[in-house]
Every structure is written in structure tokens, then in C-alpha cells.
Amino acid sequence: MKKLVLFNLIFCLLVIFVSYQYFNLQSRKAVAYFYAENYIETNYGVKKENLDSVEINYRIGMGLFDMVVVDKKSDKHYYFEVDLSNNDFSLYYISDNTDIHNENK
């Protein structure tokens, strides 16, 4: 009986830890996309309603979000690297790599 209770306790703690990490990553992705969306709207003059995220990848070792955002009207791709602060999800830096990707095509 004690083994069953101990197993359930360890399993519950493991589930709580994994779900916390998963939802923390999902919310960080949403905040990173929000910063990229605002950057595009400010610097390129594209409305937020016309933007769609194609992919958002998290680089585990570097702690960066690599993202591709597409303008639905003109079908133009924007490439960004976004780094967020670990504590409060504030923007640490944003790097616009659109010109680099367009030159390499």
C-alpha cells in the first residue's frame, strides 16, 4: 500500500512538472510571436490581421525562438529570432533576419 501511495505521489509530481514546462513554453511562444508581430507592424507597415505564423521553433541550447511569419496578402516571408527574459517574458532582443534569408535564396 505504501508503494502505491509513493508511486502515485511521484507520478503526480512528474505530471505537474511536465505540464508546467509545456505550458510555460507555449506561453513563451505566444509572447515571442506577439513581439515579432508588433515589430512587423511597426517597421514594415503590415497589419496584424494579415500576418500568420508558419513555424515557431525553440532552440533549446540557445534559448531563442526562430520564427517565420507570412504576410497573407503579399505572401512575403519574415524571419526573426526572438529572445525573452526567463523571469517575466520581457523582450531581451529581437533580430530581423529577413534580408539574410532573402539573399540566400
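Out of everything in region 52-80 that is open to solvent by less than 30 Å² (accessible area, probe 1.4 Å) and within 10 Å of Ala36 (Cα to Cα), what residue ends up being nearest to the chain's Cα centre (by Cα)?
Met67
Look through region 81-104, keep the residues that are free of Cβ contacts under 8 Å to residues at least 24 places away in the same chain, open to solvent by less than 70 Å² (accessible area, probe 1.4 Å) and more than 13 Å from the chain's Cα centre (by Cα), and return whichever of them is nearest to Lys47 (Cα to Cα).
Ranking the qualifying residues of region 81-104, first place goes to Thr98.
Take region 35-51 and flag every residue that is of a type in the set (D, E, K, R) and either surrounded by 17 or more Cβ atoms within 10 Å (Cβ to Cβ) or farther than 17 Å from Lys73 by Cα (or both).
Within region 35-51, Glu37 is the sole residue that qualifies.
The values are calculated or read from the model by the stated rules, or taken from the named source; none is laboratory data. Predicted, not measured: the structure shown is a model, and the values here were computed from it. All Cβ positions, glycine included, derive from the backbone under ideal geometry; neighbour counts span all protein chains shown. Remember, those area values only see protein heavy atoms, side chains included, never the ligands or the DNA or RNA. Shrake-Rupley method; radii C 1.70, N 1.55, O 1.52, S 1.80 Å.
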